[in-house]
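Chemist: I'd like to ask some things about the structure below.
The values are calculated or read from the model by the stated rules, or taken from the named source; none is laboratory data. Remember, it's a predicted structure, so these values are computed and weren't measured experimentally. Please note: Cβ atoms are built from the backbone with ideal geometry, for glycine as well, and neighbour counts cover all protein chains shown.
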Amino acid sequence: AQSVTQLDSQVPVFEEAPVELRCNYSSSVSVYLFWYVQYPNQGLQLLLKYLSGSTLVKGINGFEAEFNKSQTSFHLRKPSVHISDTAEYFCAVTRRSGGSNYKLTFGKGTLLTVNP
Amino acid sequence: KAGVTQTPRYLIKTRGQQVTLSCSPISGHRSVSWYQQTPGQGLQFLFEYFSETQRNKGNFPGRFSGRQFSNSRSEMNVSTLELGDSALYLCASSFQAGDGYTFGSGTRLTVV
């Protein structure tokens, strides 16, 4: 089975500051990794994904994430945040193949609040 | 192209009733998954369907069931509703696992 730990439940930052949202995962098999964002009263929107290859992945809205296999981490970063980035962010994992690759296992989420 | 459509957006039901939620996936996506989101438990996997077959099921009681039709549209049903079933129910569709899933806006179910 897979599990995901998002190390911070809330991250407050000031506008134009950099931010890092931390995610660690546990799995005995190879996985795909994802970051999703959820705005109030909406569903989840895919920010970026890691499948294979380059460990630095770029996504939408200026976000990027780095896959670190040895540390089993997939931290999300943005060099300069905007008020509009205020939302909840979820890290998720699914195994590459086999029976349970048809579901996403999510972390508990990190609420990013960008203050003026 | 059209996204994942969930209906209804909001629903209020009484304890003991049953409810059916609907999901229309993105055209061409044959995999449809359902998730329950609550403040206490976060996002939990309910089940996943592919070509009308349930491929995976989460750890929920038998009161939660689902199905998928030949056009890939999916429904989930919750019978004998309990207060704890109040949640945002999210549907997601995918072409394949590596694509990630595209989520709908959800159905907010309130059980009173």
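Chemist: Applying the selection to segment A:37-82, what residues are part of a loop (DSSP other than H, G, I, E, B) and buried (at least 20 other Cβ atoms within 10 Å of the Cβ)? Can you show your working first?
Modeler: At the first step, the residues of segment A:37-82 found to be part of a loop (DSSP other than H, G, I, E, B) are A:39-43, A:51-55, A:59, A:63, A:69-72, A:79-82.
Scanning segment A:37-82 gives A:Gly43, A:Phe63, A:Val81.
Chemist: Scanning segment B:71-112 for residues that are assigned to a loop (DSSP other than H, G, I, E, B) and facing chain A (nearest Cβ under 10 Å), which turns out surrounded by the fewest Cβ atoms within 10 Å (Cβ to Cβ)?
Modeler: First, the residues of segment B:71-112 that are assigned to a loop (DSSP other than H, G, I, E, B): B:71-73, B:79-82, B:86, B:95-96, B:100-101, B:104-106, B:112.
From the residues that got through so far, the ones that are facing chain A (nearest Cβ under 10 Å) too are B:96, B:100-101, B:104-106.
Working: B:Gln96: 11, B:Gly100: 24, B:Tyr101: 28, B:Gly104: 25, B:Ser105: 18, B:Gly106: 24.
Taking the candidates together, the pick is B:Gln96.
Chemist: Give the residues of segment A:66-116 that are of a type in the set (A, V, I, L, M), in contact with a Gly (Cβ under 9 Å, 6 or more places away or on another chain) and either away from every other protein chain (no Cβ under 13 Å) or closer than 19 Å to A:Phe14 by Cα (or both), sorted by residue number.
Modeler: Residues of segment A:66-116 that are of a type in the set (A, V, I, L, M), as a first pass: A:76, A:81, A:83, A:87, A:92-93, A:104, A:111-112, A:114.
Filter once more, so that each one left must be in contact with a Gly (Cβ under 9 Å, 6 or more places away or on another chain): A:76, A:81, A:92-93, A:104.
Across segment A:66-116, the qualifying residues are A:Leu76, A:Val81.
Chemist: Ok, one more. Only one residue in B:Tyr49, B:Tyr35 is hydroxyl-bearing (Ser, Thr, Tyr), modelled with pLDDT of 95 or more and in a strand (DSSP E or B), so which one is that?
Modeler: Working: B:Tyr49 fails: modelled with pLDDT of 95 or more.
Sole residue among the options that is hydroxyl-bearing (Ser, Thr, Tyr), modelled with pLDDT of 95 or more and in a strand (DSSP E or B): B:Tyr35.
Chemist: I need a count of the residues in segment B:23-46 that are of a type in the set (Ser, Thr, Tyr), under 21 Å from B:Asn59 (Cα atoms) and in contact with a Cys (Cβ under 9 Å, 6 or more places away or on another chain).
Modeler: Narrowing segment B:23-46 to residues of a type in the set (Ser, Thr, Tyr): B:24, B:27, B:31, B:33, B:35, B:38.
Filter once more, so that each one left must be under 21 Å from B:Asn59 (Cα atoms): B:31, B:33, B:35, B:38.
After this cut, where a residue has to be in contact with a Cys (Cβ under 9 Å, 6 or more places away or on another chain) as well, the list is B:33, B:35.
Qualifying residue count, segment B:23-46: 2.
Chemist: What residue, of B:Gln37, B:Gln68, B:Gln54, is within 12 Å of chain A (Cβ to nearest Cβ) and either within 26 Å of B:Val111 (Cα to Cα) or buried (at least 16 other Cβ atoms within 10 Å of the Cβ) (or both)? Write out each step before concluding.
Modeler: On the way: B:Gln68 fails: within 12 Å of chain A (Cβ to nearest Cβ); B:Gln54 fails: either within 26 Å of B:Val111 (Cα to Cα) or buried (at least 16 other Cβ atoms within 10 Å of the Cβ) (or both).
When all the criteria are applied, what remains is B:Gln37.
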